[in-house]
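Heads up: the structure comes next, in structure tokens.
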Amino acid sequence: MKIAIAQLNPTIGDIINNAQQIITAAQQAANQKVRLLLTPELSLCGYPPRDLLLYPRFIDSMQQQLEAIAQQIPPDIAILVGTVIENPHAHSQGQKPLHNSIALLEAGEIKQIFHKRLLPTYDVFDEDRYFQPGTQSNSFNFSLTNKEEYRIGVTVCEDLWNDETFWGKRNYEINPIAELAESGVDIIVNLSASPYSVGKQQLREKILSHAATRYQTPILYANQVGANDDLIFDGDSVVCNSKGEIVSRAKSFDSDLVVVDVDRLRSPHTPLCKGGSRGDQSLTKGSNDEEIFSALVLGVRDYARKCGFTRALLGLSGGIDSSLVAAIASEALGSDNVLGVLMPSPYSSDHSITDAVALVNNLGIKSHKIPIQEAMQAYDTMLEPLFTGTEFGVAEENIQSRIRGNILMAIANKFGYLLLSTGNKSEMAVGYCTLYGDMNGGLAVIADVPKTKVFDLCRWLNREKEIIPVNVINKPPSAELKPGQKDQDSLPPYEILDDIVERIVCQHQSEVEVIESGFEPEVVKKVMKLLARAEFKRRQAPPGLKITDRAFGTGWRMPIASKWLT
């Protein structure tokens with residue numbers, strides 16, 4: 001009488017090991033007398049596989065492993081596996097070549113195949129590029145006990161997100177959940193690979209609760225966990241009874257196996273909580289800093305592991321951004337596997353070194369000091385014939401950053417470190433960063449974290465003891481590109497800048513709309529100009545971990561040569 005959710009962390013393309021994860025989960029579930037096991041969307045290949053789907057061998061390998069899983073799972077359990085199935089009508093009817101599908105495996109066989117019906121093509125999603133949507137409602141009869149048969153409705157991720165009574169409109173013509181409920185299914189399952197963003201779990205649970213209540217039908221939601229490139233998947237799989245109450249929830253940011261008794265979905269039982277009752281998690285309204293930190297730690301850990309790195313490297317300036325990245329890396333990989341490199345210049349303040357050393361001691365990470373004055377003098381000598389008669393400016397200031405970037409890349413290449421970039425979202429937005437300098441790296445850890453949120457996270461880290469040196473938090477932000485330089489010499493105060501960037505980037509407001517909301521016209525015009533001019537830098541940046549609904553990554557598709565709306 002039990003159904004289970006296997007909250008899995010697949011590696012994209014590692015089909016054999018992903019299949020083994022599924023088999024192991026099936027064995028563990030069978031030991032707990034589970035009859036039906038749910039796995040996430042595309043659990044066999046990992047989500048999102050992107051252009052790996054263009055390779056026939058990739059598709060063939062999934063089919064082979066799907067058959068192998070069916071043969072190897074225990075005989076008394078059935079499982080739903082996320083996979084890719086070829087579309088037999090692709091050539092004759094001009095359809096897309098593949099389906100995003102769910103396979104029902106039982107008794108050594110592939111019993112049924114169900115196709116995803118709603119294909120998202122917004123933000124980071126591009127499923128219409130590869131997949132043909134299914135046209136039929138997905139359900140099957142299944143005996144969960146020896147006495148009673150249930151009708152199970154199957155949906156895949158986006159299939160859940162089109163309830164016109166929840167949103168006030170439909171984004172697609174059909175509502176798969178409504179069709180299943182009207183057909184009289186007893187239970188609906190939703191197999192997802194839904195990326196994390198701040199506040200999204202609260203929204204998911206509200207949608208699930210609304211649908212379960214509207215149709216008086218329990219819904220089991222199985223989500224992928226782990227990080228793949230810039231996307232972080234938080235897991236947080238949930239089971240919702242027919243009253244819209246959460247009766248079980250999987251771990252956040254970790255693999256898990258959740259087992260639920262079917263009777264608990266129908267009989268009166270004490271729920272964990274009402275649907276969507278976790279509280280406001282939005283980035284701008286007192287969000288949960290622990291959740292964001294956990295997401296970033298998972299993002300670094302999985303990016304390193306899945307790319308074959310065990311150690312990470314970063315430049316330590318004594319500033320707040322590099323301090324936060326060092327703390328995240330230390331938690332993700334272990335302090336012994338993190339190297340911080342101090343590279344003082346003649347313009348570096350005394351506290352930039354002492355604060356960096358204090359951070360190293362607090363975290364217990366390794367460190368090395370490489371002064372760059374001689375390298376700066378060498379550049380001055382080489383460029384003097386060409387630069388003579390000109391004023392010292394941005395070009396000379398950026399040489400420091402590029403020297404440091406070269407040093408870090410050399411160390412990373414020599415010893416096999418993953419170089420972590422330390423720029424935040426505020427800097428990435430307005431281009432307050434140096435190409436081939438501080439933008440160097442294999443992963444931009446906090447590229448979707450605004451500067452004001454960087455401060456919040458550091459204060460949260462220090463809630464019990466000092467991890468980030470207090471002086472790092474209290475001193476005015478500075479890139480120390482010249483004597484006495486401060487960030488606010490070039491930028492508006494970060495509280496103002498972050499608000500403007502949020503309005504333009506995330507809320508899609510025009511220059512006029514931002515000005516009308518109360519900001520000084522000249523400040524808004526400057527920020528808008530910087531945003532547009534920095535696009536070529538963002539295009540060359542390392543992948544950045546996504547924690548908001550609008551990040552400068554996979555889902556950001558702005559032209560470089562363009563005129564922004566005013």
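Using R0 = 22 Å, the C-beta based FRET efficiency linking Arg459 and Arg305 works out to 0.15.
Note on the chain: dipole from Cβ charges, positive end direction compared against Leu38, Ala312, Thr390; the farthest Cα belongs to Leu38. Rounded to the nearest 10 degrees, the angle from helix 394-415 to the longest Cα principal axis of the chain is 50 degrees. Against the main long axis of the alpha-carbon atoms of the chain, helix 350-363 sits at an angle near 30°.
Put the Cα centre of the stretch 1-61 next to the Cα centre of the stretch 416-457 and the gap is 33 Å. When you filter the chymotrypsin sites (Phe, Trp or Tyr not before Pro) in the stretch 121-191 for DSSP loop state and at most 13 other Cβ atoms inside 10 Å of their Cβ, you are left with Tyr122. One entry in (1) 71, 26, 22; (2) 42, 29, 23; (3) 47, 25, 23 is semi-axes √(5λ) of the Cα gyration tensor in Å calculated from the shown coordinates; its label is (3). Computed extension length for His508-Asn17: 172.6 nm, one decimal, from 0.36 nm per residue of separation with the Cα-Cα distance subtracted. Centre-to-centre separation between the Cα atoms of the stretch 208-260 and those of the stretch 356-394: 50 Å.
Our coupling estimate for the stretch 435-441, obtained by passing each phi through the Karplus curve with A = 6.51, B = -1.76, C = 1.60 and θ = phi - 60°, is 4, 6, x, 5, 7, 4, x Hz, Gly and Pro reported as x. Of the beta bridges in the stretch 2-274, as assigned by DSSP with both residues counted there, near 70 percent are antiparallel. Cross-link reach is defined here as a Cα-Cα straight distance under 14 Å, omitting same-chain residues fewer than 8 places apart; for Lys243 the aspartates and glutamates meeting it are Asp186, Glu205, Asp263. Extension gain, Ser255 to Leu386: 0.36 nm times the residue separation minus the Cα-Cα distance gives 41.4 nm.
Using only side-chain charges placed at the Cβ, +1 for Lys and Arg and -1 for Asp and Glu, the dipole size of the stretch 2-274 relative to its Cα centre rounds to 620 debye. Here the simple spin-label model places points 7 Å from the Cα toward Cβ, and for Glu522 and Ser349 these points are separated by 2.7 nm. Label separation (Glu290 vs Gln377): 5.3 nm, computed from points 7 Å beyond Cα along the C-beta direction.
Between helix 521-533 and the chain there is an angle of about 70 degrees, using the helix long axis and the longest principal axis of the Cα atoms. From helices alone, the chain scores -11000 deg cm²/dmol at 222 nm; the rule is -39500 (n - 2.57) for each run of n ≥ 4 DSSP H residues, then divide by the residue total.
At a Förster distance of 22 Å, what's the computed FRET efficiency of Asn31 paired with Lys147, Cβ-Cβ distance as r, to 0.05? FRET efficiency, Asn31 to Lys147: 0.45.
Farthest towards the positive end of the charge dipole of the chain, among the residues His210, Val198, His89, is the Cα of His89, using unit charges on the Cβ of Lys, Arg, Asp and Glu. Of all DSSP beta bridges confined to the chain, the antiparallel ones make up roughly 55%. Placing +1 on each Lys and Arg Cβ and -1 on each Asp and Glu Cβ, with no other charges, gives the chain a dipole about its Cα centre of roughly 500 debye. The residue among Asn100, Val124, Thr548 whose Cα reaches farthest toward the positive pole of the charge dipole of the chain, with charges on the beta-carbon of Lys, Arg, Asp and Glu, is Asn100. Spin-label pair Asn171-Phe58: with each label point 7 Å from Cα along the Cα-Cβ axis, the two points sit 2.4 nm from one another.
Residues of the stretch 64-97 with amide nitrogen under 15 Å from the 7 Å Cα-to-Cβ point of Thr135? Of the residues in the stretch 64-97, 87-97 have backbone N under 15 Å from the label point off Thr135. Along the chain, the exposed loop sites are GluC sites (Glu not before Pro) outside DSSP states H, G, I, E and B with at most 16 other Cβ atoms within 10 Å, and the longest stretch free of them is 174-390.
Just so you know, all these numbers are worked out from the coordinates, no wet-lab data involved. Here the structure is a predicted model, which means the values were calculated and not measured. Using ideal geometry, Cβ is built from the backbone for each residue, glycine included, and neighbour counts are taken over all protein chains shown.
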